[in-house]
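Each remark here refers to the structure printed beneath this line.
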Amino acid sequence: RSDIALVVSLAVLFVVAPPCTGIRRDAILYTAQALQNLDPDSFAHDLFFQYGSQDRWTIYGRMFALLVSALGLRASNLACLIAAQALWWTGIWRLARQLLPTPWHWVALLFVACMPADYGAGLIFSYDEGFVTARLPAEALGLWAIASLLERRYRVALALTVVAAAVHPLIGGAALAFVALVR
């Protein structure tokens, strides 16, 4: 019964969550990194790649390139976004369920869904972005790691943060530090 409630809740959250806004903002850079992984010669003289990009510190560009190769540019962006947002929202759901009694975890989910995801001066920072970057799956893995930590599944929490750090070193590194300190 709670699985059905989760699926229905996720469907509702996808409706109220930020829509897919296409390849924009940092998604342009991540998409370019994936294309560069697929065809390095085409980008050999591009200044962004000539002296090394952030892509050398993460597995995300290479993994995303495999998806682009298999599905094409638009479909891979949409598939990656849907998968990452589903992972993010199920991570929030797991945390809310562990931290709050019923029905308050549902209220917390609704609150997160209604909160503006953009913040900071000029709204330059955001979470649960409506476009594909390495941050979203790293955030999601971090949420799952914290939920696993609360369940005292320390090895799972550590493994999730290591993967998150491989996807996005800054976001995953913060989750790794949190798990290491709290444990």
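Residue check: Ser42 meets all listed conditions (1) at pLDDT 90 or above; (2) open to solvent by 40 Å² or more (accessible area, probe 1.4 Å); (3) among the small types (Gly, Ala, Ser) but one, namely (1).
Among the candidates Glu151, Glu139, the residue that is loosely packed, with under 15 Cβ neighbours inside 10 Å and touching a residue at least 12 places away in the same chain (Cβ under 8 Å) is uniquely Glu151.
Scanning segment 142-161 for residues that are under 14 Å from the mean Cα position of the chain (by Cα) and more than 15 Å from Trp88 (Cα to Cα) yields a total of 0. Can you find a residue that is over 17 Å from the mean Cα position of the chain (by Cα) and not in a helix (DSSP H, G or I) anywhere in segment 80-99? For segment 80-99, residues over 17 Å from the mean Cα position of the chain (by Cα) and not in a helix (DSSP H, G or I): absent. Every test in (1) in contact with a Gly (Cβ under 9 Å, 6 or more places away or on another chain); (2) more than 30 Å from Leu67 (Cα to Cα) is passed by Ala138 save one, and that test is (2). The set of residues in segment 111-129 being of a type outside the set (D, E, K, R) and either assigned to a strand (DSSP E or B) or at pLDDT below 75 (or both) consists of Ala117, Tyr119, Ile124, Phe125, Ser126, Tyr127. Here Arg135 fulfils each of the conditions (1) touching a Lys or Arg at 6+ places or on another chain (Cβ under 8 Å); (2) within 14 Å of Trp88 (Cα to Cα); (3) not aliphatic (A, V, I, L, M) apart from (1).
The values are calculated or read from the model by the stated rules, or taken from the named source; none is laboratory data. Here the structure is a predicted model, which means the values were calculated and not measured. When we count neighbours, we look across all protein chains shown, and the Cβ atoms used for this are built from the backbone with ideal geometry, even at glycine. Keep in mind that these areas ignore ligands, DNA and RNA; they rest on the heavy atoms of the full protein, side chains included. Shrake-Rupley method; radii C 1.70, N 1.55, O 1.52, S 1.80 Å.
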